[in-house]
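Single-structure report; data block below.
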Amino acid sequence: MVTSLRRSALPPLVYVLATFGIVSGSYGAMSAIGSVRTFTMSRDELGAVVTRSNEALSSLVEAAQLSRYDEHEADAIYGRRKAALPLAGIGLVLSCLMFAGTMRAMRGDQWGLSAWSFSAAACVPYQLLALALTLVMARDLRIGDNLPAVAMLKSHLQELFSILFCGLAVIYYGVCVLYLRTAGVKRAFSDG
């Protein structure tokens, strides 16, 4: 009964932010699982995946140059697996905590607010670390001889997208951290 009373008294912005948190948590968990799957592949399996993903470039780049680039990209990705795997594990934990916290907070549960607030605060440095790893991996792709111009463009677009995504995520998490600590929100979730 306390939960139903609290649910109707929650500020509307809690629901808006929680909805974005559900999406963020779901996307983050799926992304982390995909990263774990990618970075636990053998070098040969990863090379085959990279070759398949770059098949669209075959009409723009000659076959020998594309084959060399495929090997270069597979080496760059495989070389960063020891940093990417722990980061993906942390991302999975934070995403699940964000998802569970926002779902429970929308029901007026105090634990949900605490979990959501903690995961939002921890996601800010996590996003910055993930961005740093992505930028290093993009730089690794640009290091080499006779790389196709399309590969350079792909690397720059990856960097740009990563910076934009990280900026939006940090803004969202920062707003959550600040808003969830306001007196009105704390009062809405208190038992008194």
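Among the residues of segment 32-84, those identified as in a helix (DSSP H, G or I), of a type in the set (A, V, I, L, M) and farther than 18 Å from V150 by Cβ are A32, I33, V36, L46, A48, V49, A83, A84.
Among the residues of segment 58-110, how many are β-branched (V, I, T) and surrounded by fewer than 18 Cβ atoms within 10 Å (Cβ to Cβ)?
Number of matching residues: 2.
A count restricted to segment 174-189 and to residues that are within 22 Å of the chain's Cα centre (by Cα) and farther than 18 Å from R104 by Cβ stands at 3.
Among the listed residues L113, L157, L135, which satisfies the condition of being open to solvent by 40 Å² or more (accessible area, probe 1.4 Å), farther than 23 Å from G89 by Cβ and assigned to a helix (DSSP H, G or I)?
That would be L157, the only listed residue that is open to solvent by 40 Å² or more (accessible area, probe 1.4 Å), farther than 23 Å from G89 by Cβ and assigned to a helix (DSSP H, G or I).
The values are calculated or read from the model by the stated rules, or taken from the named source; none is laboratory data. Keep in mind the model is a prediction, meaning the values are calculated, not measured. Because the Cβ atoms are built from the backbone with ideal geometry, glycine has one as well, and the counts that use them run over all protein chains shown. Ligands, DNA and RNA are excluded from the accessible area calculation, which covers all protein heavy atoms including side chains. Shrake-Rupley method; radii C 1.70, N 1.55, O 1.52, S 1.80 Å.
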